[in-house]
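Note sheet for the following structure.
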Amino acid sequence: MKPWMVMLLIAAGILCFLARWGKLVPTVAPVEYAQWPVVVLDAGHGGEDGGAVTASGHRESDINLQIVQKLDYFMALCGVETVLTRTEDVSLHTPGADERGERKQSDLDYRAQLVEQTPGAMLISIHQNQYSDPSVSGAQVFYSVGDVARQWGEFTQQTLCDVVDPANTKKAKQVSQDVYLFAHITRPALLVECGFLSNGLEASLLLTDDYQTRLSLAITGAYLHQLQMMNKASGGI
């Protein structure tokens, strides 16, 4: 069994134990590995910008944050250092931004600056999709420019299909430069559209802890695999 799989099984076991006994524990302090990047976990939207909305009125921004919080917990259990762009339902704009468009621009600028100013950053931005055809479903990964991001994105897509939704036939793609955040960063980055809120069944799944946990485990496992590949490429173990 690959090391990252073992780490995920340990993490899953700990979470099951805590869930069974109804206990909460502080986030585990990250293990210091000089060669490990810092993962910036970005919960898309927030505050007045709720993003997409389910038929039952649940906002994308809330679902994004719930998944990011689970990702943060799993990565901490695996010794990965993380930085979160937001930890609550807020917009990240500067106080002086008055117009809605100005606030949105300021919010995106803050996220981009955080990624660029974090040494060794790799970004995972969590979002939810929507489409006019309610039958469309399935998680899809978009990656930034570069071989590292492409390899990481393709493996993340495959892992999401294997672990979460074997019927999903979507492929990872390079993100459009029209996506402002990705056009203004230089670090390896993934935009993970976890599912379609316009699809009733998938939307109901995305609201559950179980489905969010499976998504988070898959994304964490794919990151650990990518880290292993990067270490091998640089002559590490």
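Taken together, the values in this text are just the output of simple stated rules run on the coordinates, not laboratory data. What you see is a predicted model; the values in this text were computed from it and never measured. No Cβ is skipped: glycine too gets one built from the backbone with ideal geometry, and neighbour counts run over all protein chains shown.
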Mean separation of Cα contacts under 8 Å, 6 or more apart, over the residue count of region 107-182: relative contact order %
34
Determine the shape class of region 31-165: with a ≥ b ≥ c the square roots of the Cα gyration tensor eigenvalues, call it rounded for a/c under 1.5, and otherwise prolate if a/b is greater than b/c, oblate otherwise.
oblate
Taking the DSSP beta bridges in region 120-237 as the whole, what percent of them are antiparallel, to the nearest 5?
35
Relative contact order for region 38-232: what is it in percent, counting Cα pairs under 8 Å that are at least 6 residues apart?
27
Order these peptides, 221-231, 121-131, 50-60, by their mean beta-carbon neighbour count within 10 angstrom, highest first.
121-131, 221-231, 50-60
Among 89-95, 64-70, how do they line up from the highest to the lowest mean number of other beta-carbon atoms within 10 Å?
64-70, 89-95
How many percent of DSSP beta bridges within region 38-232 run antiparallel, rounded to 5?
25
Would you please put 138-149, 167-178 in order of how densely packed they are, using the mean number of other Cβ atoms within 10 angstrom per residue and starting with the highest?
138-149, 167-178
